[in-house]
Amino acid sequence: MSSVGSVFTLHRFPETLAVVRLGPGTDVPTWAESSSIFSVTATATETSLVCAARNVPTKARALRPLTAFAVEGPLDFTLTGVLHTLLGPLADAGISVFTISTFDTDWILVPQADAEQTGAAWRAAGHQVVTAVPSGSSAKGGSR
């Protein structure tokens, strides 16, 4: 099942986020866990966190401030090209991204300064951008 030509709804989250790089095997710090969006990816060479920017110590190696958009779903695992469809307009606009996927959806993080331009690029491509439902609710959606 292809998503090429598909129209998506993206939910923009209000919380300012950061991507933090920690050393390999590092335990997740308690300051990182208080966030509406929280993700940990650990490899043999690093541990990366996505968390609320407000919690990140100033000396931490981090990329911030970021705004998160979640693709409305759940997205079927047979879909292909979801990120291709959504990242093309951002690449054309010169907007850098950091992506993460969950079981239900894909998340696209962009520099906060580019968040409005991101929404405009997606709208111009026929997608819908809405404000995420606050407190405990999240966009549903799967990774491709």
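Rule-based calculations on the coordinates, nothing more; no lab input. Worth saying up front: this structure is predicted, and the values here are computed from it rather than measured. Cβ placement follows ideal geometry from the backbone for every residue including glycine, while neighbour counts extend to all protein chains displayed.
Here are some notes:
- The alpha-carbon atoms of the chain, seen along their principal axes, cover 42, 31, 30 angstrom, with the largest extent given first.
- Computed lengthening from THR16 to VAL133, 0.36 nm per intervening residue step minus Cα-Cα distance: 40.6 nm
- Its relative contact order, with pairs defined as Cα atoms under 8 Å and 6+ residues apart, puts the chain at 32 percent.
- Rh by Kirkwood over Cα pairs, then Stokes-Einstein D for the range 1-61 at 1.002 mPa s and 20 °C, µm²/s: 161
- Theoretical FRET efficiency, 1/(1+(r/R0)^6), r = Cβ-Cβ of THR43 and SER96, R0 22 Å, to 0.05: 0.55
- Mean residue ellipticity (222 nm) of the chain, computed from DSSP H runs ≥ 4 via -39,500 (n - 2.57), nearest 500: -4500 deg cm²/dmol
- Förster radius 25 Å - calculated FRET efficiency between ALA125 and ASP27 (Cβ-Cβ, nearest 0.05): 0.05
- Acute angle (nearest 10 degrees) that the helix 115-124 long axis makes with the longest principal axis of the chain, alpha-carbon atoms: 20
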